[in-house]
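S.K.: I'd like to ask you about the structure that follows.
The values are calculated or read from the model by the stated rules, or taken from the named source; none is laboratory data. All values derive from a computational prediction rather than experimental measurement. Reconstructed Cβ throughout: ideal geometry from the backbone, glycine too, with neighbour counts over all protein chains shown.
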Amino acid sequence: VRVFVDKETASKEAASAIAQLIKTKNSKGEKTVLGLATGSTPLQLYAELIRLHKEEGLSFKNVITFNLDEYYPMSPQSEHSYVHFMKENLFNHIDIEMENVNIPDGTISKEEVNDYCASYEKKISEAGGIDLQLLGIGRTGHIGFNEPDSDWNTLTRIVTLDPLTRKDAAKGFGGIDNVPTEAITMGVGSILKSKKIIMMAWGEGKASIVNEMINGIVTDQVPATYLQLHQNVAVYLDREASTAL
Ligand code: GLP
């Protein structure tokens, strides 16, 4: 657990860890597989990656990405989609090949969704697994959209969103009634298979759930506690998010 003076400093540190990983992998002629998150938490990190690309020539040509989740149903054209979010905040500003970008498809039919989720999981394995997974945390203790009751071995699947998660998303959607009730998310088990994880949390509002994640008993009622079982997790906090530890 590392506590930084502010989220900007923490985000720069996380971005530099990613840049280092990409360079090391490049020097071995290997691709880097990144697991990406949405929400407000990684915004400064993505801004710093864009800066590193524009000002220091960091290339994403050999990077493959898998996003954690997408609302369901959700059109990729919608301003609420995570596809839109990722393009606006990262992909449109770097040299990544869009064929290397993977985000769960919120348009898949209910009949096909289980097969689709299995294929998403398979694609991650075929890429060699995730080298570095970025995570934020929801106030329910969710990682990705793995809400309470999500077990340690869950894989990519369709889930029902917790009312608190929908409430937290309501502002961006112009009211809770517009927030989808479901999502497709990588599972806790998918996340735990990553070789390294960077979990980030900012602000007082996350302090209590951050404390539970780190010091609480491991339980499916707070899926983020399963990170305690992983060998290589760095938790980056600003001062406010660390106050309950
Ligand atoms: C969203 C995302 C999560 C994210 C969390 C926290 O629901 N699906 O991946 O970590 O909520 O959001 P924020 O970073 O805006 O606090």
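S.K.: Residue under question is residue 224, and the condition is that it be surrounded by fewer than 18 Cβ atoms within 10 Å (Cβ to Cβ), closer than 30 Å to residue 120 by Cα and within 16 Å of the chain's Cα centre (by Cα); does it hold? Please lay out each step first, then the result.
M.R.: Working: surrounded by fewer than 18 Cβ atoms within 10 Å (Cβ to Cβ): no; closer than 30 Å to residue 120 by Cα: yes; within 16 Å of the chain's Cα centre (by Cα): yes.
Taking the combined requirement at face value, the residue does not satisfy it.
S.K.: Quick one: is residue 8 assigned to a helix (DSSP H, G or I), within 16 Å of the ligand (Cβ to nearest atom), at pLDDT 95 or above and more than 21 Å from residue 186 (Cβ to Cβ)?
M.R.: On the way: assigned to a helix (DSSP H, G or I): yes; within 16 Å of the ligand (Cβ to nearest atom): yes; at pLDDT 95 or above: yes; more than 21 Å from residue 186 (Cβ to Cβ): yes.
Judged against the criteria, residue 8 is a match.
S.K.: Oh, and also: For residue 9, are the conditions met, namely being crowded, with 16+ Cβ neighbours inside 10 Å and of a type in the set (S, T, N, Q)? If you could, list the steps in order and put the result at the bottom.
M.R.: Values: crowded, with 16+ Cβ neighbours inside 10 Å: no; of a type in the set (S, T, N, Q): yes.
No: the conditions fail for residue 9.
S.K.: Limited to the range 34-90, what total is found for residues that are free of Cβ contacts under 8 Å to residues at least 24 places away in the same chain and β-branched (Val, Ile, Thr)?
M.R.: Matching residues across the range 34-90 total 1.
S.K.: Here is a further query. Is the range 32-53 home to any residue that is of a type in the set (Lys, Arg), surrounded by 15 or more Cβ atoms within 10 Å (Cβ to Cβ) and farther than 19 Å from residue 197 by Cβ?
M.R.: So in the range 32-53, the residues of a type in the set (Lys, Arg) come out as 51.
If we keep only those that are surrounded by 15 or more Cβ atoms within 10 Å (Cβ to Cβ) as well, we get none.
Within the range 32-53, none of the residues are of a type in the set (Lys, Arg), surrounded by 15 or more Cβ atoms within 10 Å (Cβ to Cβ) and farther than 19 Å from residue 197 by Cβ.
S.K.: A further question follows. Pick from 150, 119, 109, 125: which is in a loop (DSSP other than H, G, I, E, B), surrounded by fewer than 18 Cβ atoms within 10 Å (Cβ to Cβ) and either among the hydroxyl-bearing types (Ser, Thr, Tyr) or within 14 Å of the ligand (Cβ to nearest atom) (or both)?
M.R.: Values: 150 fails: surrounded by fewer than 18 Cβ atoms within 10 Å (Cβ to Cβ); 119 fails: in a loop (DSSP other than H, G, I, E, B); 125 fails: in a loop (DSSP other than H, G, I, E, B).
It is 109.
S.K.: Take the residues in the range 11-35 that are assigned to a helix (DSSP H, G or I) and basic (Lys, Arg), then tell me which one is farthest from residue 46 (Cα to Cα).
M.R.: Let us first name the residues in the range 11-35 that are assigned to a helix (DSSP H, G or I), namely 11-27.
Cutting the leftovers down to basic (Lys, Arg) gives us 12, 23, 25.
On the way: 12: 9, 23: 17, 25: 20 Å.
Out of the qualifying residues, it is 25.
S.K.: Got a number for residues in the range 158-190 being more than 14 Å from the ligand (Cβ to nearest atom) and either under 15 Å from the mean Cα position of the chain (by Cα) or among the small types (Gly, Ala, Ser) (or both)?
M.R.: Selection size over the range 158-190: 3.
S.K.: Please identify the pairs in which a residue from the range 121-134 that is on the phi > 0 side of the Ramachandran plot has its Cβ atom under 9 Å from the Cβ atom of a residue that is among the small types (Gly, Ala, Ser) and buried (at least 16 other Cβ atoms within 10 Å of the Cβ), counting only partners at least 6 apart or on another chain.
M.R.: Close Cβ pairs (under 9 Å, with a partner that is among the small types (Gly, Ala, Ser) and buried (at least 16 other Cβ atoms within 10 Å of the Cβ)) amount to 129/194.
S.K.: Only one residue in 53, 80 is in contact with a His (Cβ under 9 Å, 6 or more places away or on another chain), at pLDDT 95 or above and either over 30 Å from residue 108 (Cα atoms) or part of a loop (DSSP other than H, G, I, E, B) (or both). Which one? Talk me through it step by step, then tell me what you get.
M.R.: On the way: 80 fails: in contact with a His (Cβ under 9 Å, 6 or more places away or on another chain).
Exactly one of 53, 80 is in contact with a His (Cβ under 9 Å, 6 or more places away or on another chain), at pLDDT 95 or above and either over 30 Å from residue 108 (Cα atoms) or part of a loop (DSSP other than H, G, I, E, B) (or both), namely 53.
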